[in-house]
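**Q** Questions regarding the structure given below will be posed in turn.
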Amino acid sequence: MKHDILIAGVGGQGILTIATILGRVAVAKELHLKQCEVHGMAQRGGAVYSHMRISSDAIWSDMIPCGGADMLIAMEPMEALRYAAWLAPEGWLIANEEPVVNIPDYPEPERVHAEIRARPRHVLFNATELATKAGAPRAANVALLGAALLPLEDVQELQSKLR
C-alpha cells in the first residue's frame, strides 16, 4: 500500500494542518511516512504545498515525482492547476472552488473551474461555503480533507450532489 498526496494552497488556508492530520493518522496506523513542505511566503498569501508519502513499505524520498501523485488536495483552484502536473494519470484532484484573489491578473474563476472539471478524476466544490454553513468557516480545509478521504462511490455521489 502506498499513497502519494500533494496538498496545495496559499498561506493561512490550513495546508500544514491537513498534512499534520494525515501524518498523525499514518503514524497511528504504524505506516511509513515522509513529508516535505514549502511555506516560505505563507505570510504574504504565497504558495504553500506539502508532499505526503505514506506506505506500508520503506520510503526513500520525501518528494513525489512529477506525474506520480495519487491525489492532489488543493484549497485554492489556481493552486490546483499550478500543481496538476504532479498528478498521476489516474490521480484524483480534490479542490475548493473558492478563489483567493492575491494577484491583479487572477483569471475568471469559472475559467479555472472549467480546467479542473476537464480532468477525468476530480471533485470541485465550495469547501469554504460548506464550512461556513456548518458554523466553522476556518474548517474549510477539514471539509476538503473529508471529501478526499471518502470511498470512490461516495466521491462520485458527492460530485453529483454538488453540481
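The values are calculated or read from the model by the stated rules, or taken from the named source; none is laboratory data. None of the values given here were measured: they were computed from a predicted structure. Using ideal geometry, Cβ is built from the backbone for each residue, glycine included, and neighbour counts are taken over all protein chains shown. Ligands, DNA and RNA are stripped out before the accessible areas are found, and what is left, the full protein with its side chains, is counted by its heavy atoms. Shrake-Rupley method; radii C 1.70, N 1.55, O 1.52, S 1.80 Å.
**Q** Name the aspartates and glutamates eligible as straight-distance cross-link partners of LYS34: C-alpha to C-alpha under 13 Å, and not fewer than 8 places from it in the same chain.
**A** ASP4, ASP57, ASP62
**Q** Sorted by packing (mean other beta-carbon atoms within 10 Å per residue), highest first, where do 9-18, 85-94 land?
**A** The packing order, highest mean first, is 9-18, 85-94.
**Q** How large is ³J(HN,Hα) for each residue in segment 100-111, as worked out from phi by the Karplus curve 6.51 cos²θ - 1.76 cosθ + 1.60 (θ = phi - 60°), to whole Hz, x for Gly and Pro?
**A** After applying 6.51 cos²θ - 1.76 cosθ + 1.60, I find 10, 7, 10, 9, x, 9, 4, x, 4, x, 5, 5 Hz.
**Q** May I ask you to derive the relative contact order of segment 91-139, considering only C-alpha pairs under 8 Å and at least 6 residues apart, and to give it as an integer percent? Show your work: numbers first, answer last.
**A** Numbers: 42 pairs, mean separation 22.2, N = 49.
About 45 percent, as a whole number.
**Q** Quick query: amide H of ALA95 versus all other amide H atoms, modeled in the peptide plane; which residues come in under 5 Å with a sequence gap of 5 or more or a different chain?
**A** Those lying under 5 Å, H to H, from ALA95 are ALA74, VAL123, LEU124, PHE125.
**Q** Could you tell me the accessible area of HIS3 in Å² (1.4 Å probe, neighbours in place), rounded to the nearest ten?
**A** Here the accessible area works out near 90 Å².
**Q** Something else about it: The list (i) 11, 37, 32, 15, 4, 0; (ii) 11, 41, 38, 10, 1; (iii) 10, 31, 23, 15, 11, 7, 3, 0 gives values of P(r) over Cα pairs in 10 Å bins from 0, in percent, and only one came from this structure; which label was calculated from it?
**A** It is the value labelled (ii).
**Q** Per residue of the chain, what 222 nm ellipticity follows from adding -39500 (n - 2.57) for every DSSP H run with n ≥ 4, rounded to the nearest 500?
**A** Values: 6 runs with 56 residues, N = 163.
Result for the chain: -10000 deg cm²/dmol, rounded to the nearest 500.
**Q** Normalised by the residues of the chain, what does the relative contact order come to in percent, with Cα pairs under 8 Å and at least six apart? The partial results should precede the final answer.
**A** Numbers: 324 pairs, mean separation 32.5, N = 163.
Relative contact order for the chain comes out at 20 percent.
**Q** Determine the gain in length on full extension of the stretch LYS2-ARG82; use 0.36 nm per residue of separation and subtract their C-alpha separation, reporting nm with one decimal.
**A** Details: separation 80, 0.36 × 80 = 28.80 nm, distance 2.37 nm.
Extra length available between LYS2 and ARG82 comes to 26.4 nm.
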